1. For residue 143 paired with residue 8, estimate the spin-label separation in nm (one decimal), with each label point 7 Å from Cα along the Cα-to-Cβ line.
2. Give me the one-decimal nm value for the distance between modelled label points at residue 19 and residue 124, 7 Å along each residue's Cα-to-Cβ direction.
3. Neighbouring Cβ atoms within 10 Å as the yardstick, rank 49, 121 fewest first.
4. Sort 114-120, 140-146 for me by packing, meaning the mean count of neighbouring Cβ atoms within 10 Å per residue, highest on top.
5. Of all DSSP beta bridges in the chain, what percent run antiparallel (nearest 5)?
6. Could you tell me what % of all Cα pairs in the range 3-170 have separations over 26 Å?
7. In a Gaussian network model over the chain where Cα atoms closer than 10 Å are linked, find which of 158, 148, 33 has the largest mean-square fluctuation.
8. Could you please rank 78, 4, placing first whichever residue has the fewest other Cβ atoms within 10 Å of its Cβ?
Ligand code: SF4
């Protein structure tokens, strides 16, 4: 059940920081961008577990920051679970360790992913900024192509406030 997310314009929120760590949930956000850009979610032999459209999006955030002298980093972790909403204590402690070197953490994920980062970093001197907004829940058809390429055809988005009424946005 991927959450349907859309990027927020956070350029003004990041204006005053000298270092930003981009923390991403590697499940719903790359699914959304792959569907939106009609590109594969996984091309294992080309990019491993990284989704091309999502990696490009992360770079599009980093590049302008770095051009004005901001130090950036990107952080994501797949094991034991990629889902930020259910990260283990070990994954949370890894984020805390990594984020200590940065003034701000930009979260690419749903509200629950942002909550994970806020909870982990509540005692750290690091501001957490939400980088995506939840629109609803996506329904998609998963397709597997040779060799180990996974695509998602979006069927519809069930909006948060109207899912029970089956009010949809067609993909
Ligand atoms: S944290 Fe949010 S974006 Fe990530 S898998 Fe869980 S529901 Fe999806």
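1. Result for the modelled spin labels: 3.4 nm.
2. For residue 19 paired with residue 124, the spin-label model returns 1.1 nm.
3. Details: 49 13, 121 22.
Placing the least packed residue first, the sequence is 49, 121.
4. Highest-to-lowest ranking by the protection proxy: 114-120, 140-146.
5. Values: 20 of 34 bridges.
Beta bridges within the chain, antiparallel portion: roughly 60 percent.
6. Working: 4310 of 14028 pairs.
Result for the distance tail: 31 percent.
7. Of the options given, 148 has the highest mean-square fluctuation.
8. Working: 78 13, 4 27.
Least to most surrounded, the residues fall as 78, 4.
Values quoted throughout were computed directly from the atomic coordinates according to the rules given, and no laboratory measurement underlies them. No experiment lies behind these values; they were computed from the predicted model shown. Positions of Cβ are backbone-derived with ideal geometry, glycine not excepted, and every protein chain shown enters the neighbour counts.
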